[in-house]
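Novice: Pasting a structure here, questions to come.
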Amino acid sequence: MSSLIAISALATLLAVTVFEKLSPKALRESATRQLFANLFAIRLFADEPGIVLQSLLGVIGANFRLLLCAIPPMLVLAPAFYFLYGYLDSRYGVAPLTTGVPRVVTVKLDHFENIRLETPDWITVDSPPVHVFADREISWRIRPTRSGQVKLKVIAGSKVIEIDPRRNMFEPAPPMSFYGVSLNWTWWFAIWSVLSVVPIKLIASKILPMLSSTVSKSVRHSTSGISGAS
């Protein structure tokens, strides 16, 4: 769980930084002011239908402008978070091999002639291959006798296929538990990301500029001292 918390915080830091750098600041601040002004007008003039309708249209317009501000950073973040999701799902979303517990290995093949599965000596093949011709798939049931690095190969004639356990032996991992609360890793990732927004924004907007200013002053002081000595 600690590693997932750290990754969630880093992902939030990346998202906050990219949004701050790439979204148009002037347009974002103007749209935010427009949004709050119209929301306040709806509350203040609740008994005036015309003003309420006009304010609702203003809220819609402000939200549309905020969405426009989000497009540039989203275009940058989408590929990064796509690969991040794949990495996290392979790490937290797939159950590892358990000693004595059978798993099913499935691969897609173009043909089904002269096919065999090569396994290390600590993995037993419990069943003959099962063919699903319509989907061009073939499956075996295996059983590990101890833990170890999975290295499986499917030999199909002269073709050798390396087995990726994350794709070919997929089995959902059990929910992650934290102080008695069990949730899928995606929920924990979302929770830790949301909870880290405020401290990360505080660090990005307050602490980092202060540290940068302090370092700059120290460098200038050191430089001036060296120049004076010379």
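Novice: So between VAL198 and PHE64, what do we pick up on full extension, going 0.36 nm a residue minus the alpha carbon distance?
Specialist: 45.8 nm
Novice: Between LEU53 and THR32, with labels modelled 7 Å along Cα→Cβ, what's the label distance in nm to one decimal, could you check?
Specialist: Each label point lies 7 Å from its Cα, and together they span 3.2 nm.
Novice: Which value in nm describes the separation of the simple spin-label points at MET74 and PHE40, placed 7 Å from the Cα toward the beta carbon?
Specialist: Modelled inter-label distance: 2.8 nm.
Novice: How far is it, in nm, from the label point at VAL132 to the one at ARG146 when both lie 7 Å from their Cα along the line to the Cβ?
Specialist: 3.4
Novice: What's the extension gain from SER177 to LEU22 if we count 0.36 nm per residue and subtract their Cα-Cα distance?
Specialist: Result: 52.1 nm gained on full extension.
Laboratory data are not the source of any read-out in this text; all were calculated from the coordinates shown. All of these numbers come straight from a predicted model, not from anything done at the bench. Virtual Cβ from ideal backbone geometry, glycine too; neighbours counted across all protein chains shown.
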